[in-house]
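**Student:** Let me give you the structure first, and then I'll get to my questions.
The values are calculated or read from the model by the stated rules, or taken from the named source; none is laboratory data. For clarity, every value in this text was computed on a predicted model and none was experimentally measured. Heads up, the Cβs are rebuilt from the backbone with ideal geometry, glycines too, and the neighbour counts pull from every protein chain shown.
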Amino acid sequence: MLYYLLFILLLNTYALLSGFKDSILWSRKGAEAFRWNEHVVFVLERITLVAVAILCTQLSALQALCAVLSYALMFSLPHNTAYYWGRSRIDSQPFDIRYSSTTSTAKLEFNFKTRLVLFLVGALASVFSYVCTS
């Protein structure tokens, strides 16, 4: 169970780091976005992916597949929350967790309620899949 929980936690950590990295990239300020070196985020993202790959070897193929599928539902909430938080810091704007972009060019753009529902469904699916595959 510990490996499964760590796997889900690391996947969601990746979503957070990916969202924050995107906030730096899409701000079009790059290295000027913050006073600290933005490569720290890139390195942490890569370390997280290596840890996910290593941890994946400790799960059965079915458990890993179920975890990844449930994570696909959960991804949008931590990713977009980190993105909007990062942009609020870069643009010196107040942060609202319920924010939804009106200028996004993403093919799938979910509002906060949809992101929250998908995250909760994904979390429940993750628990259910662990119980069923153990």
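**Student:** Kindly provide the set of residues from segment 11-64 that are among the hydrophobic types (A, V, I, L, M, F, W, C) and free of Cβ contacts under 8 Å to residues at least 24 places away in the same chain, ordered by number.
**Tutor:** We begin by selecting, within segment 11-64, every residue among the hydrophobic types (A, V, I, L, M, F, W, C); these are 11, 15-17, 20, 24-26, 31, 33-34, 36, 40-44, 47, 49-56, 59, 61-62, 64.
Matches in segment 11-64: Leu25, Ala31, Trp36, Val40, Phe42, Val43, Ile47, Val50, Ala53, Ile54, Ala61.
**Student:** For segment 52-67, give me each residue that is in a helix (DSSP H, G or I), surrounded by 16 or more Cβ atoms within 10 Å (Cβ to Cβ) and among the hydrophobic types (A, V, I, L, M, F, W, C).
**Tutor:** Val52, Leu55, Cys56, Ala64, Cys66, Ala67
**Student:** Taking only pairs six or more apart or across chains, which ones have beta-carbon atoms under 7 Å, a first residue in segment 74-91 that is at negative phi and assigned to a helix (DSSP H, G or I), and a second residue that is among the hydroxyl-bearing types (Ser, Thr, Tyr) and surrounded by fewer than 20 Cβ atoms within 10 Å (Cβ to Cβ)?
**Tutor:** His79/Ser18; Tyr84/Tyr99; Arg87/Ser27; Ile90/Ser27
**Student:** Can we say Phe20 is within 17 Å of Ala82 (Cβ to Cβ) and crowded, with 21+ Cβ neighbours inside 10 Å?
**Tutor:** On the way: within 17 Å of Ala82 (Cβ to Cβ): yes; crowded, with 21+ Cβ neighbours inside 10 Å: yes.
Yes: the conditions hold for Phe20.
**Student:** Kindly list the number of the only condition in (1) crowded, with 20+ Cβ neighbours inside 10 Å; (2) out of contact with any helix residue (DSSP H, G or I) (no Cβ under 8 Å at 6 or more places or on another chain) that fails for His79.
**Tutor:** (2)
**Student:** Suppose we filter Ser100, Ser23 for residues that are more than 19 Å from Tyr130 (Cβ to Cβ) and either in a loop (DSSP other than H, G, I, E, B) or at pLDDT 90 or above (or both); which single one remains? It would help to see each step written out before you state the result.
**Tutor:** Values: Ser23 fails: either in a loop (DSSP other than H, G, I, E, B) or at pLDDT 90 or above (or both).
None of the other options fit; the residue is Ser100.
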